[in-house]
Structures are given as C-alpha cells and as structure tokens.
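Structure record follows, encoded as structure tokens.
Where a number appears in this text, it was derived from the coordinates with a stated rule and is not lab data. Please read these numbers as outputs of a predicted model, since none were measured by experiment. Cβ coordinates were reconstructed from backbone atoms using ideal geometry, including for glycine residues, and neighbour counts include every protein chain displayed.
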Amino acid sequence: MCGIVAYMGPKAVESVLLVGLTRLEYRGYDSAGIAVLNRGEIQTRKEQGKIKDLENLLQAHPVEGNIGIGHTRWATHGEPNRKNAHPHIDNSRKIAVVHNGIIENHYELRRELIKEGYVFHSETDTEVIAHLLADKLKQHPQIEDAFYQTILKIQGRYSIVFLYDGAPHRVFFARDGSPLIYGHASGESFLASDIPAIVPLASHYYTIHNGEWGWITESGEMQLFNSKNTAISPKLERIDIEVNQVEKNGYDHFMLKEIYEQPDVMRRIIQTRLNGSDGKVLFPEKAADNQFLGSLSRIFITSAGTSWHAGLVGKMYLEHLAKITTEVDLASEFRYRNPIAGGDTKVIAVSQSGETADTLASIYQAKSKFIRVLSFVNNANSAIARESDAYVDLMAGVEIGVASTKAYTAELLNLLLYALFLSGIKWVIGKTERQKICDEIRLLPSLMEETLRKSEVIKQWAQNFKETKDFIFLGRALDYPTALEGALKLKEISYIHASGYAGGEFKHGPIALVTSDVPVVCIAVQSEIYEKMLSNIEEVKARGGKIIALYTEGDKTVPKLADYSLPMPKASPLLYPILNSIPLQLLAYHVAVARNCEPDQPRNLAKSVTVE
Ligand code: F6R
C-alpha cells in the first residue's frame, strides 16, 4: 500500500519518477506527487487521482533536476486529496518526505510539535516526520544524526524516504515494516517499494531490511546502517525481471495479460517440480524444513482474500492426498482465536505479495507458539518469506493487476503438488497412483489454453450483465472455493454485488434471493457432486432464476437447463479448481470492461495490503 520511488543520477528525474510511479500504481492510486531538489531548492508537484493526473500537472508545470522522490498513495490518514498527497514538507521547505506505512504515535508527536510552534498542512501521519526531522536538526545539525534520532522517536510500520536541501548529494531512507529496495546502476541510484519500478534502468538491487537506514548518492552508491547505528555492507543481487514482464505487451489491461499468462506459469511450475517420470515431486527450496514432515499430523493454513480461497482448496488437497488434518483460517482471525497446537503442527501461510500485514501477524502468532511456518509466496524477498522457517516460490512472475489471477492458480497448483509431495513422504499414495496424478497435472497448461480460447463467448455474455445488480455463485466440494473466488473477482472489479455459496447451503437461506434479475453461476463439471449441482440448477430454474453454467464437454443435460453454458475440457477433478477459475476470471474481467470499470485499479483497493 503506497508506492515510493527515488532517483539520483544523470537522467531527468521527472520521467524516471513517473515511470517508476506508474509501475507502482498497483500499490495505491488515489493521489500522487513528487519532490525534486534542484540548485538548492525543493519543488513539489502533487495531484489527487492517478499518475496520469500527476503527469498532466507536470506537463503544465514541469520540474527540472536529477534528484527526486515520488509517491503514489492509498489513503490511511486523511482523505485522498492534493493536500494529503505526499511528499510532505517541513515549515522551512528544506525537507520533503514520502512514507509508506503507519506512524502509530503520530497523534502524540503532532501534539508535541504543534506546542513547539510547527504548523501542519495535512491530516496525514507522514507530516510529523518532516517536522520532527526539522526539530531534531536544531539539536543535531548533521542530518544523519537528526534522522537517526527521528527514527528512534517514531513507532509503527514504515518505509521513509526524504530529501534535504542541506545535503543535495544524498537521498535518505529508513525501513521498519514496509518494503523498500535499493537499486543500483553505474552512476545511478534508486529506491523503490518494489523492483518493477526500476526495471530496466537498474541492474542490481538490495532488499533493505527492517531497522536499516542510510542514504544513496548520485554516483550509484549506498551507505547503510543497522538499527544500532553500525555501518553494514549490503550484498547486491542481479535484477532478473525483464521489462516485458512489467508492461502490458499489447493487452488492454494487466489483468487480461496475466489471465493469458497462466498456461506458461503452470508449465514453469510443472517443469520445476515434476521434472522426472517417476512421480517424484520436488520442493528443493524448502529442504531445510523436511526433517519434521514425517511426524506432521496437523496443518493450519492462514491467508487473506483470494489467497484464503486458495487455502480452502489446499485443505482439500492436503486432506485427500496426504491425509493430514488441515484447518484454514483467515489470517486476520487466526491471531485472535488462540489455536491449540503441538510439535506435530505446521502453519502454511499463503500470500501472493508476501507483504500482507494480517498474514504476517498470523505468522508471528504461530511463532510465538513455536509452530513451524512454511509460506507460499510469489516474492522471495518479502517479509513473509523472511519471517517463515522456509518458503515455497509460487513462480507466477510479477503480478500487477490488483485482482489476483495467475498468482491464485499458481497457489492452487503449488498446494496440489505440495500435498502430493507430502503423500509420498507419509506413504499415503503409492508410486503408480502418484504417477497417474502427475501425468494428469502435466496436461494442465494445454487444458488451460483450450479454456482461454473461449474468452470471446464470455465477452459476449458480459454485454447482457452490464446493468445487473447481484450475482450468485454456487459450487460444491473442490469447487466451493472456486465459487467464492468467482464472486470476489466479480465484485472487486465490476462493483456488482456477488456472493458465493456452497451448493448444499443454498436452500438453507440464500435461495430466497433468486429472481429473474439475479444470475446464478453454477459450477457443474463432472465429479462426485455433479448430480447434486444438477439439483441446484433445477431449484434455481424452478424459481425463474437465470443460470450460467460451467459443465464438462460431452454432458448433454446441463446445457439444456442453463441459459448460458460453457463446456470445460475433461480433466481430473483435482484440476477443476484451477481450470474453472479461468472462465470466472474472464467473466469478471469482461463484465468490468463492459461497465467501463478499470479492472487493473479497482476503487478503494491496493494490491499489497500492508496495514491490519
Ligand atoms: C483479490 C486479491 C486479494 C488478495 C489479498 C491477500 O483479487 O488479490 O484478496 O488475495 O489481499 O493478498 P496476498 O495474497 O498478497 O497476501
């Protein structure tokens, strides 16, 4: 939530910051701003709205210089407007600050600073940092000393970046909680909330850790200190993200591009984890954790939103294939329910971003009970990966669309493979059966491609739902979480109210909602619950409801009953949660576009939710 970028080097800072902020827009997009230090003077430009609005402002009122900081905001303290947009400056206009996170003691600091005569111009918690720094400079004239004193005084989760006109050859930073990386190129330095912001300009990066602070210089260097104020040497890593991974490449939206990337994501995972013909599943990155697996008899999965839906499917995979009792918790609830656990228990945290504050808090809760934590993350440098005992790389590639698509199906496939991996360790499934499942999994990418070819049909349906106010999604067993996920996807990007239910629960209340104006999406592919889903369809039909159905090709019954029906390829039931997600993602996408909504940046949302 909130994106930060900073640049020092020979290029025009305005354009570097704008590109960086556009790449970070998924982190927040209610207002944006930049500050540039040029010839000893700080100039700021801020605008409510998207980066495009800031760009228009900069066209009318350009800034010049080679040193600058930028910010795209997701409001926590104070409305999204120009006044509350970052950067925030101190009263003498010598310091400009951008910040991601929350300063928890900002009320107290604000009161103290107002007493000292500082005048506030915004409602943000960030502004206290600018005035506090100015205040600390009175007793500590060296800016680095004043900054260190400031860090000691503030509490909360943050990454902070600031310019000071008294130190025109440095940009300062500190991190405690919210992500921040340093980017390096020859003669250029960058700071950013995420690597895509500095691709392809920077060649190397370093993930700044909690408690670290320092500054970057225009010659491409970084001076780094730990929380005890001791200098440390950062070890840089090569950036291996290609620019085409962070651009739309001809698609109208990142979401659509990412939906279409799914077969390749599945191929990558399969090649890495199923690379032999012997039914062996490989999880090399978690080798450190293998020793405890033989005695593992209980798993808690904790996650949020779409990743929670992946957890619900993961539970069924783990119980069915590995016979391990599994509970799934919303990460935001897990910490409050005091779960009972012993040495035979593991927590699996599932998170695309690896930064979700609720999921991180659930990991701390688990660790306080000495439960081992394995995380499934799409970002190996994330806080969740770091705080876990081991992590599994989802291998989905950078996901920019706010609505998660390819990361979700990557979560599902990795959880399926992990369940299969555990089934081998626990001797639950014999080699022949495991091999059979592996062969079925290998078909997944081409089955996905076949499904994606039906996008045009769904696009045409979408025209009929432009004015729809409510949707219902029904699924059973492995497809119940798919129904929840289909409903979430639709509501978050098209703003149509949608609810997902387990098919069996429908008659216990929600069926009262059925009218001819409420489409009911029924997932009725061939599996052990097929007959039961037919009953759901009949019940809806009997009450005049409109049915949109997914069915298995060759089935003659469902298409006769449904108003709209889409054949899905024949596949192992284990794969249907992955395959069936695709038409539901496409339905959400096409309905959102038909309603003129912006699928990549739905209102009020941000991709990485770093506040609890
Ligand atoms: C919805 C969506 C969110 C996230 C949730 C958790 O499309 O993306 O519901 O799944 O905020 O995020 P991660 O997976 O990053 O922990």
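Overview of results
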| read-out | value |
| --- | --- |
| Those aspartates and glutamates that a straight Cα-Cα span of less than 16 Å connects to K228, excepting residues fewer than 8 apart in one chain | E144, D145, D176, E212 |
| Charge dipole of the chain about the Cα centre (unit charges at C-beta), most positive-ward option of V609, I340, G9 | I340 |
| Cβ crowding within 10 Å averaged over residues, with 401-413, 262-274 ranked highest first | 401-413, 262-274 |
| Highest-first arrangement of 95-108, 225-238, 470-483, where packing means the average Cβ count within 10 Å | 470-483, 95-108, 225-238 |
| Relative contact order of the chain, defined on C-alpha pairs under 8 angstrom at six or more residues apart (%) | 12 percent |
| Footprinting exposure proxy for L550, L566 (fewest neighbouring C-beta atoms within 10 Å first) | L566, L550 |
| F283, F300, F147 arranged by Cβ crowding within 10 Å, fewest neighbours leading | F283, F300, F147 |
| Cα centroid separation, the range 514-546 to the range 428-505 (Å) | 15 Å |
| For the range 94-119 versus the range 231-262, the gap between their alpha-carbon centres in whole angstrom | 35 Å |
| Nitroxide proxy distance, nm - points 7 Å out along Cα→Cβ at K280 and T557 | 4.4 nm |
| Rounded, prolate or oblate (a/c below 1.5 giving rounded, otherwise prolate when a/b exceeds b/c) for the range 251-442 by Cα gyration tensor | oblate |
| Residues F120, F334, sorted so that the one with the fewest Cβ neighbours within 10 Å comes first | F120, F334 |
| Rounded to 5, the percent of DSSP beta bridges in the chain classed as antiparallel | 60 percent |
| Lys pairs under 12 Å by Cα in the range 251-442, provided they are eight or more residues apart or on distinct chains | 7 |
| Cα shape, the range 181-256, gyration tensor, a/c 1.5 rule | prolate |
| Check: the range 452-599 dipole with +1 on Lys, Arg Cβ and -1 on Asp, Glu Cβ, in debye | 220 debye |
| Extension reserve of the E598-V119 stretch, reckoned as 0.36 nm per residue once the Cα distance is removed | 168.6 nm |
| Karplus-derived 3J(HN,Hα), 6.51/-1.76/1.60, for each residue of the range 495-510, Hz, glycine and proline x | 6, 8, 5, 9, 10, x, 9, 6, x, x, 7, 4, 6, 8, x, x |
| Separation of the E112 and K570 label points, Cα + 7 Å toward Cβ, nm | 7.2 nm |
| The chain: angle of helix 406-425 to the longest principal axis, Cα-based, in degrees nearest 10 | 70 degrees |
| Ranked by how many other beta carbons lie within 10 Å on average, peptides 420-428, 498-506 from highest | 498-506, 420-428 |
| Where the Cα pairs of the range 314-368 fall when distances are cut into 5 Å bins, in % | 4, 18, 28, 24, 18, 8, 0 |
| Sites K228 and N464, calculated FRET efficiency, Cβ-Cβ separation with R0 41 Å, nearest 0.05 | 0.05 |
| Dipole magnitude (debye, nearest 20) for the chain, charges at Cβ of Lys, Arg, Asp, Glu | 740 debye |
| Folded to 0 to 90 degrees: helix 106-115 orientation relative to the chain principal axis, Cα | 20 degrees |
| Dipole of the range 1-155 [Lys/Arg +1, Asp/Glu -1 at C-beta], most positive-end residue of V119, P80, V63 | V63 |
| Residue among H497, G401, V243 farthest towards the positive dipole end of the chain, charges placed on Cβ | H497 |
| Ratio of Rg to Rh over the range 28-89 (Cα coordinates, Kirkwood Rh, two decimals) | 0.97 |
| 222 nm mean residue ellipticity, helices alone, for the chain (DSSP H n ≥ 4; -39,500 (n - 2.57); rounded to 500) | -10500 deg cm²/dmol |
| The range 320-339-the range 20-54 distance, computed between alpha-carbon centres (Å) | 41 Å |
| C-alpha long axis of helix 13-23 to longest principal axis of the chain, angle in ° | 20 degrees |
| Amide proton proximity set for K607, modelled H, under 5 Å, gap of 5+ | R27, G28 |
| Cα-based equivalent ellipsoid, the chain: semi-axes from gyration tensor eigenvalues, Å | 45, 28, 22 |
| Relative contact order, percent, the range 251-442 [alpha-carbon distance under 8 Å, six or more residues apart] | 29 percent |
| Anisotropy class of the range 106-175 from Cα gyration tensor, a/c 1.5 cut | prolate |
